[in-house]
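Taken together, the values in this text are just the output of simple stated rules run on the coordinates, not laboratory data. All of these numbers come straight from a predicted model, not from anything done at the bench. A quick note on method: Cβ atoms are made from the backbone with ideal geometry, for glycine too, and the neighbour counts reach across all protein chains shown.
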Amino acid sequence: MKGTYTILMLVVSNMFMTFAWYGHLKLQEMKVISNWPLYAVILFSWVIALAEYSFQVPANRIGFTGNGGPFTLMQLKVIQEVITLVVFTLFSTLMFKGESLHWNHLAAFVCLVAAVYFVFYK
């Protein structure tokens, strides 16, 4: 169960992270924060990032083998990177209609799946 909780928390964490890093671009495009000064946008993103860390840190603690979890540090990092790219791909294609996927993006995903395979290979 620790592995499942870890992955679910990493997914939620990455949803917050993606919005903190790129959501302000969509909000600016929608004219919600288009007149905000940069420092206000940064503070807004930091508040969202706090939610991200509230899931990321416990996920890593629960999932790490040193704390009784099923994943090594390297496995946690590779899992997190794959989740990040999947969440970002969904976010960018759904929220930014001008962004599209190309063959090289698919090739990159294949490489990431291979990375997951190799990091778990005994």
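Top mean-square fluctuation among V82, V110, V11, Gaussian network model of the chain, C-alpha springs under 10 Å?
Of V82, V110, V11, the most mobile in the Gaussian network model is V110.
By how many nm would the segment from V47 to Y117 grow when fully extended, if each residue of separation counts as 0.36 nm and the alpha-carbon distance is taken off?
21.7 nm
Using Cβ counts within 10 Å as a stand-in for footprinting exposure, how do S92, S54 rank, fewest first?
Listing S92, S54 from fewest to most nearby Cβ atoms yields S54, S92.
Could you tell me how many degrees, from 0 to 90 and to the nearest 10, lie between the Cα long axis of helix 38-63 and the main elongation axis, the longest principal axis, of the Cα atoms of the chain?
Relative to the chain, helix 38-63 is tipped by roughly 10 degrees.
Rounded to whole Å, give me the distance from the Cα center of region 50-98 to that of region 20-34.
Each part's Cα centre sits 23 Å from the other's.
Relative to the longest principal Cα axis of the chain, at what angle does helix 103-120 sit, 0 to 90 degrees, rounded to 10?
The angle comes out at about 30 degrees.
Where does each of M15, M1 land when they are ranked from fewest to most other beta-carbon atoms within 10 angstrom?
Result, fewest neighbours first: M1, M15.
Roughly what angle does helix 2-18 make with the longest principal axis of the chain, taking Cα atoms, 0 to 90 degrees, to the nearest 10?
Between the helix axis and the principal axis of the chain, the angle is about 20 degrees.
For the chain, how many pairs of lysine residues have a Cα-Cα distance under 28 Å, where the two are 8 or more positions apart or belong to different chains?
6
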